Amino acid sequence: MKLTLPFLSTRFEEDLLLTLLATPVWWILGFNFFIYQAVVFLCFSKLLIAKIREGEPLAVPKPALWLGLFLVTYAASLLINAPSQPAQRVMASVNNYILFLMGFVLILVIYHAKPGRFFRGLLDSCAALTWITGLIAIFFLKLWFSGRRGLEVPSLSATLLPSLASYPFFNMLVILRTNAVDWFVEDVPRLCIYSSVVTATGGFMLMILPFAMARSGFRRRAPGFGDVLMFLLGFISLGASFSRTALCAFVGAFGLVWVIERRARWWILLGAGVLFFLGSDMIFRGISWIFKARSASTVGRFNLYYDAVSIAAEENLLLGIGVRLREGFTMMSIGSHATYVGLLLMSGLIGLSFFILFQLSVFKTWLALRGCLKTRAQGVLWRAAGVSFLGINGWILTENVDGLPFICFAYFLSTGVILLLARIFESKRFIPEEPQLFGSLPAPLV
């Protein structure tokens, strides 16, 4: 019997999916701050070795070129501004840069993955992770309603290296917190699953839940009891984060994909919907309610946005200042809580433009795939990838994609799925049928 050792004798597709599935384990161990980067670069080394042995070149998908230009611009800004910025902020920015570099490498690895092996494993992993996250959410809610609120437990890393908790970035990853009190509705918990950042729970579920739902979509019969229970647990995890942006982005992404899928003049339907809401006072009431729900949070965020844009405009609008600024021990640095604002501050208009072009290029690729779908299974996966990608791009309007490693990993994983699908359909040698692409999925988990 051949001994299989994870990460040593396994293929890189299995390594990536095991890393995603083991998110709760990394959280408990306190490995969240380095494990995703380490695995991605390990997988990339496996891919390079395989390409060298086979004598084949390493292909780069076209959208990733824009991301590569963004990385070059960000690196230039960081090098130019490093001498004039505090050393601690420079190191923090280097960490952010490594996360984006991890994302670029992750896209390359997924682009060369075996589709059947990767897609089946992705759907299984997301379904299992939805179950696990949902059960953790139920357990945390039980603790809350039994009076055990705001519990904090050090992870293994924090126990062995207590000094890690002295830094904001490490603190929110190595200290396990059950919940935070919400100021939206009094006496209501906000769950802190996989980090101390409550909104991250919503963002993470926003990305994996569409793939978990897609797993049951491959079966032609109606969803069973196990499927419904899994959906319910996933929605509880998403909803209990009370992330306004995550909830709106999830609903909006589903609606947008539904409209695009109909194809017949979808832009007219979308425009009509926008005009309808703008023509009534419903949209204004909704926006007012969302902003007033947590007025302190909203005001704080807009102050951060204003300061970041002002500093970038004053210092270097084209290349930015290379770092996010922070005073003292605070979880809210200038340039945080909005990916685009943060990128403007760190890499200027040039870097921000390249990142937006990368996103638009991925979206265009996903949109073009609509005319290539030949089987029901391909349509299910296309739809899930679209909801995940569009949803998280809505979420990062008010959050950082590079703030937490597991969020960054999931974001570029979702992006890689779209580019891998594009690689399949662009190949003239291999136009897969449903069994070849997906194989036979195993039975439901319940």
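No value in this document is a laboratory result; all are computed from the given coordinates. Computed from a prediction, not measured in an experiment: that's the story for all the values here. Positions of Cβ are backbone-derived with ideal geometry, glycine not excepted, and every protein chain shown enters the neighbour counts.
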Fully extended contour minus Cα-Cα distance, from LEU160 to LEU317, at 0.36 nm per residue: 52.2 nm
Additional length obtainable on full extension of the chain from SER146 to LEU65, 0.36 nm per residue less Cα span: 24.0 nm
Near-label residues of the stretch 1-33 by backbone N, under 15 Å of a point 7 Å along Cα→Cβ of ILE98: 31-33
Gyration tensor verdict on the stretch 96-223 (Cα atoms; rounded if a/c is under 1.5, prolate if a/b is larger than b/c, oblate otherwise): oblate
Förster-model FRET efficiency, 35 Å R0, GLU426 and LEU5, C-beta, rounded to 0.05: 0.50
Residues with amide H under 5 Å from that of ASN179, placed H, sequence gap 5 or more: GLY150, LEU151, CYS192
Spacing of the two label points (7 Å from each Cα toward its C-beta) at LEU48 and VAL309, in nm: 4.1 nm
Protection proxy ranking, peptides 81-93, 381-393, average beta carbon neighbours within 10 Å, highest first: 381-393, 81-93
Simple spin-label estimate for VAL251 and LEU360 in nanometres, 7 Å along Cα-Cβ: 2.9 nm
J(HN,Hα) series, the stretch 137-145, from Karplus relation 6.51 cos²θ - 1.76 cosθ + 1.60, nearest Hz, glycine and proline x: 4, 4, 5, 5, 5, 5, 4, 4, 6
